[in-house]
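Note sheet for the following structure.
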There are 2 protein chains.
Amino acid sequence: MSTAPIAPPVPVPAERSRLTAARRLAESARTVPGLAEFEQAVQETRERVLTITETVPLDRLSGWHFDDDTGFIAHDSGRFFSVEGLQVETQSPAAAWGQPIINQPETGILGFLAKEIDGVLHFLMQLKAEPGNRNGLQVSPTVQATRSNYTGIHGGLQVPYLEYFQDPARRRVIADVRQSEQGSRFLRKRNRNMVVETTEPVEALEGFVWLTLGQLHRLMAVEDLVNMSTRSILACLPLGDGVPATGDRGFGTALERSLALGGPEVHPLVDALSWITEARTLSGMRARTVSLDALADWEFTGGRIRHRAERHFEVIGVRVEAVGREVGQWCQPMIRAQAPELAAILVTRVHGVLHVLMQLRAEPGLTDTAELAPTVQCTPDTCAQLPPEQRPLFFDLVQNARPADIRFDTVLSDEGGRFYHTGSRHLVVETEWLPEPPQFRWLTLAQLGELTQHSHYLNMQARSVLACLRSLFPGGDR
Amino acid sequence: MSTAPIAPPVPVPAERSRLTAARRLAESARTVPGLAEFEQAVQETRERVLTITETVPLDRLSGWHFDDDTGFIAHDSGRFFSVEGLQVETQSPAAAWGQPIINQPETGILGFLAKEIDGVLHFLMQLKAEPGNRNGLQVSPTVQATRSNYTGIHGGLQVPYLEYFQDPARRRVIADVRQSEQGSRFLRKRNRNMVVETTEPVEALEGFVWLTLGQLHRLMAVEDLVNMSTRSILACLPLGDGVPATGDRGFGTALERSLALGGPEVHPLVDALSWITEARTLSGMRARTVSLDALADWEFTGGRIRHRAERHFEVIGVRVEAVGREVGQWCQPMIRAQAPELAAILVTRVHGVLHVLMQLRAEPGLTDTAELAPTVQCTPDTCAQLPPEQRPLFFDLVQNARPADIRFDTVLSDEGGRFYHTGSRHLVVETEWLPEPPQFRWLTLAQLGELTQHSHYLNMQARSVLACLRSLFPGGDR
């Protein structure tokens with residue numbers, strides 16, 4: 001390193017950098033060309049890519065074994081991930097349970113490559129068939145790579161476009177933050193959510209397609225189409241330029257006002273942060289890994305691990321044959337939910353600014369005890385059987401919402417690399433102002449956007465359903 | 001909970017809340033009454049409070065024992081903290097070492113109680129004698145309480161003013177964030193750094209004194225006076241109103257410009273965050289606790305645990321007798337450094353805006369692998385013996401700085417509750433612009449202030465020396 005003084009760069013006002021980024025994204029969101037090219041790419045890819053997944057008993061899963069020392073299910077190479085037992089205790093309310101959990105101690109990359117085309121930001125999306133997808137192809141990030149992927153442990157092909165995410169000289173960063181995966185399924189798992197822009201010429205390979213943010217927003221309303229990683233990244237984009245298109249009191253305008261940097265908010269951010277600090281300091285959740293055999297409420301039966309009362313989920317084995325993916329054939333454990341889950345948010349307009357009712361929720365696999373979650377996050381089939389006073393707060397309100405109050409309602413898949421035919425209903429319901437129970441706060445999208453710049457604030461379900469809400473950002477012809 | 005709709009609060013622009021908070025703090029910083037009352041309070045407290053600390057062999061430490069099962073030093077009650085062995089491995093550069101480390105798995109409260117007096121924010125500071133202080137009293141937060149303290153495990157008196165930090169209804173939050181302790185001495189230790197304001201009448205008990213931020217800033221220049229917890233909290237205050245007092249190109253003006261919200265910066269925040277995300281993702285530091293006996297380079301000799309080459313620090317035992325503190329007599333292990341440490345930052349004016357050269361540094365006890373550290377953080381006695389090419393970057397530059405370039409230079413103590421007669425030289429050196437090595441970035445005080453709103457970004461040494469830099473904020477008569 002030379003320490004010879006050279007001229008420093010000229011500082012740019014922070015305000016200007018942020019507004020510029022937000023405006024470019026807002027412009028991309030307002031640009032909604034037709035989807036004919038996209039449909040055609042889907043057709044072509046569907047003919048080229050084929051994934052066949054069949055369930056096989058966990059004890060006959062090639063390449064995997066029950067480890068006698070640990071009591072975990074592990075890959076013979078010691079890499080990829082393991083399925084472990086987790087024993088959890090909470091203090092208030094006092095409760096204890098055991099469950100299987102996935103341990104994958106590495107940080108993968110989930111990334112969008114962005115590029116200006118005709119002056120508008122486009123994102124290079126991959127049409128990808130994951131083994132757990134019930135419908136084949138889903139709209140996935142440009143790159144979706146575990147460390148195993150990109151260091152070649154799979155023995156598969158090189159991950160296309162990975163160089164833009166690995167080489168700082170070839171990118172301009174729009175977002176880059178490690179975010180949690182589901183804290184009730186993954187043990188301290190985080191992925192690096194990245195959006196990088198290039199000015200180099202980039203060719204869309206087969207199975208890749210350029211989309212504007214507006215097109216992506218349109219596709220969010222299609223069942224099981226936009227995959228979980230894509231939704232997670234979308235929630236990390238600094239959308240919102242603080243310039244509502246119109247002055248009316250409509251939903252879209254309230255949404256734009258909610259995204260405005262420095263805009264009006266019911267709680268100053270410092271109060272919201274203090275509420276989070278307090279909950280995390282007092283959180284009494286403890287978790288430790290144990291042998292899968294030690295989980296009293298779970299049993300290994302019929303080649304899978306399931307809850308004795310058939311609740312929650314089961315761990316199954318699958319054999320995958322793929323054409324057009326990195327490796328032709330492999331086996332792996334997967335998680336299959338017993339019933340669809342619900343990720344629902346209540347939203348309200350406060351003096352013309354949309355606020356979202358967020359819940360602070362502890363989950364045993366989260367790195368920092370508790371993160372913001374949707375207003376209601378549960379398995380409706382299970383909750384509906386509980387007496388009303390034991391159901392999650394606001395459960396009945398969102399389940400029984402009048403159609404006129406529903407702003408978004410689509411079933412979207414969990415990550416098809418680990419979850420088998422498993423999805424969640426994503427629901428956005430508008431309501432009058434409601435008082436906040438202690439574990440809830442009304443926050444603006446700008447505040448939530450500021451928090452998603454950092455790790456450990458919004459859980460996966462929150463990011464996913466907020467991406468749905470943000471997809472209602474006024475597009476070209478709405 | 002009633003779900004009957006009531007009127008929502010009127011949202012307040014985020015910009016306005018932030019500016020108001022920053023302006024009130026800036027006003028407090030500019031208000032510097034004489035320190036006669038403070039001096040008198042110190043005199044009176046010194047007569048009333050007496051702490052006698054004597055070293056005793058670790059194996060004759062009443063209430064503590066070597067645990068045969070774990071190989072740790074633990075309290076007989078199982079509470080407070082333990083001293084454990086830590087085995088650390090890093091990948092680049094490949095290195096491995098063992099060391100003792102303090103494990104105290106609970107989050108304490110370090111808090112300032114604030115109140116407006118004659119229209120200016122004052123902070124209620126405690127004049128407190130900790131057993132490790134070499135000079136008796138230090139200026140400490142209103143409340144400095146471990147969970148053991150405030151749940152009464154000590155069997156001591158109630159912690160005064162704690163109610164303002166525990167009861168949300170009695171406070172307005174100015175700052176509230178969990179921050180790390182030294183990552184080379186504490187295992188994943190975090191304390192809650194709080195500043196809360198009350199409008200209730202508050203009487204200053206004996207040993208407490210109201211100070212403006214300007215007075216606190218003055219006192220920072222006094223050797224070993226402002227304690228570590230106070231410095232940590234000062235770094236979390238949202239100082240800086242974006243309105244430099246003068247238009248000149250002086251150091252104070254450059255400092256004020258650096259604190260301005262939304263002001264000019266060499267790196268957009270998103271780039272700084274990406275740099276941190278990348279380093280954390282690639283960090284190869286692993287640490288696991290082991291028996292103290294298993295540490296090859298450390299030995300138990302003469303009643304203390306020390307490095308065989310007498311480097312780093314030693315773990316000693318002390319017996320404390322105190323008058324005017326919670327408990328009259330107790331014993332505990334403490335850390336004693338072999339030599340003073342150095343926490344030095346380089347600063348430079350870029351087009352009239354002060355920037356600080358921060359280092360991203362992994363430490364084995366940090367919760368999230370790496371945090372921002374001072375430009376140079378080391379033990380000078382050890383580093384000076386290394387050949388130049390092995391010394392920390394910028395070490396010679398800060399050690400040999402011309403007096404005219406030194407903006408701050410004071411030895412300040414480490415926390416006297418755990419560290420025995422241990423201090424660090426806090427040094428701020430102004431330089432020309434220098435190119436950034438990969439692990440270094442020039443950042444503004446506004447950016448660092450934004451990051452201190454969140455956990456896991458600035459390490460203790462960084463917060464401490466930044467508090468020193470911020471103490472140069474132009475006061476009344478400068």
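Read-outs: derived from the displayed coordinates by stated rules, not from any lab. Just so we're clear, the structure is a prediction, and the values are computed from it rather than from any experiment. Neighbour counts run over all protein chains shown; Cβ positions are idealised from the backbone, glycine included.
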Query raised in the report: Given only helices, namely DSSP H runs of n ≥ 4 each adding -39500 (n - 2.57), what is the per-residue ellipticity at 222 nm of chain B, to the nearest 500 deg cm²/dmol?
Result: -6000 deg cm²/dmol
Query raised in the report: When chain B is turned about an axis onto chain A, which of its residues keeps its C-beta closest to that axis, and how many Å is it?
Result: B:454, 3
Query raised in the report: In terms of the Cα gyration tensor, with a ≥ b ≥ c the square roots of its eigenvalues, is the stretch A:271-328 rounded because a/c is under 1.5, prolate because a/b exceeds b/c, or oblate?
Result: oblate
**Report entry** Charge dipole (the stretch B:2-117, unit charges on Cβ, about Cα centre) - positive-most of B:98, B:85, B:42
**Finding:** B:42
Query raised in the report: Under the Karplus relation 6.51 cos²θ - 1.76 cosθ + 1.60, θ = phi - 60°, what is the ordered set of whole-Hz ³J(HN,Hα) values for the stretch A:56-62, x standing for Gly and Pro?
Result: 9, x, 4, 7, 10, 8, 4
**Report entry** Translational D in µm²/s for the stretch B:214-338 (Stokes-Einstein at 25 °C, 0.890 mPa s, Kirkwood Rh from C-alpha pairs)
**Finding:** 120
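I want the antiparallel fraction of DSSP beta bridges within chain A, as a percent rounded to 5.
85
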Query - trypsin sites (Lys or Arg not before Pro) within the stretch B:170-256: DSSP coil, no more than 12 neighbouring Cβ in 10 Å - result: B:249
Query raised in the report: Amide H neighbours of residue B:56 under 5 Å, counting only residues 5+ apart in sequence or on other chains, H built in-plane at 1.01 Å?
Result: B:317, B:318, B:319
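Semi-axes of the equivalent ellipsoid for the protein assembly as shown, please: Cα gyration tensor eigenvalues, times 5, square-rooted, ordered largest first, whole Å. Numbers along the way, then the final one.
On the way: eigenvalues 418, 221, 170 Å².
Sorted largest first and rounded, they come to 46, 33, 29 Å.
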Report summary line: With the 8 Å Cα cutoff and a minimum separation of six or more residues, the stretch A:1-98 has a relative contact order in percent of 10
Query raised in the report: If one computes the Cα centroid of the stretch A:198-229 and of the stretch B:438-459, what distance in Å separates the two points?
Result: 34
Report summary line: For the stretch B:306-415, the Debye formula with one identical point scatterer on each Cα and no solvent gives log10 I(q)/I(0) at q = 0.23 Å⁻¹ as -1.41
Query raised in the report: Under 5 Å between amide H atoms, partner at least 5 residues away or on a different chain: which partners does residue B:175 have, H built in plane at 1.01 Å?
Result: B:195
Query - Label geometry 7 Å along the beta-carbon vector: residue A:59 inter-copy distances in nm - result: 5.3
Report task. Using amide H atoms built 1.01 Å from N in the peptide plane, name the residues 5+ places from residue B:411, or on other chains, whose amide H lies under 5 Å from its own. Result -> B:224, B:426
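I want to verify the translational diffusion coefficient of the stretch B:350-478 in µm²/s; compute it with Stokes-Einstein, Rh as the Kirkwood radius over Cα pairs, at 37 °C and 0.692 mPa s.
Numbers: Rh = 16.0 Å.
Estimated diffusion coefficient is 205 µm²/s.
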Requested in this report: In whole angstrom, note down how far apart the Cα centers of the stretch B:248-307 and the stretch A:387-410 are.
Outcome: 45
Requested in this report: Write down, largest first, the equivalent ellipsoid semi-axes of chain B in whole Å, where each equals the square root of 5 times an eigenvalue of the alpha-carbon gyration tensor.
Outcome: 34, 29, 22
Report task. Convert each backbone phi in the stretch A:375-392 into a coupling constant with the Karplus relation 6.51 cos²θ - 1.76 cosθ + 1.60 (shift: θ = phi - 60°), then list the ³J(HN,Hα) values in order as whole Hz, x for Gly and Pro. Result -> 3, 10, 9, 6, 9, x, 4, 6, 5, 5, 7, 7, x, x, 6, 9, 6, x
Query raised in the report: So what J values fall out for the stretch B:163-180 if you push phi through Karplus, 6.51 cos²θ - 1.76 cosθ + 1.60 with θ = phi - 60°, rounded to Hz, Gly and Pro as x?
Result: 4, 5, 8, 9, 10, x, 6, 9, 9, 10, 7, 9, 7, 6, 8, 7, 10, 6
**Report entry** Exam field: residue A:46 pseudo-label spacings to other copies (7 Å along Cα-Cβ), nanometres
**Finding:** 8.5
**Report entry** Spatially proximal lysines relative to residue B:128 (Cα-Cα < 26 Å; intrachain offsets below 8 disregarded)
**Finding:** B:115, B:189
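Fewest first, what order do B:217, B:454, A:65 take by the number of other Cβ atoms within 10 Å? The partial results should precede the final answer.
Values: B:217 26, B:454 20, A:65 13.
Fewest-to-most Cβ neighbours within 10 Å comes out as A:65, B:454, B:217.
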Requested in this report: Note the distances from residue A:20 to each other copy's matching label point, with points 7 Å along the Cα-to-beta-carbon direction, in nm, sorted shortest first.
Outcome: 3.3
Requested in this report: Please work out the C-alpha center-to-center distance from the stretch A:47-95 to the stretch B:9-54 and express it in whole Å.
Outcome: 54
Query raised in the report: When only Cα pairs under 8 Å and 6 or more residues apart are kept, what is the percent relative contact order across chain B?
Result: 22
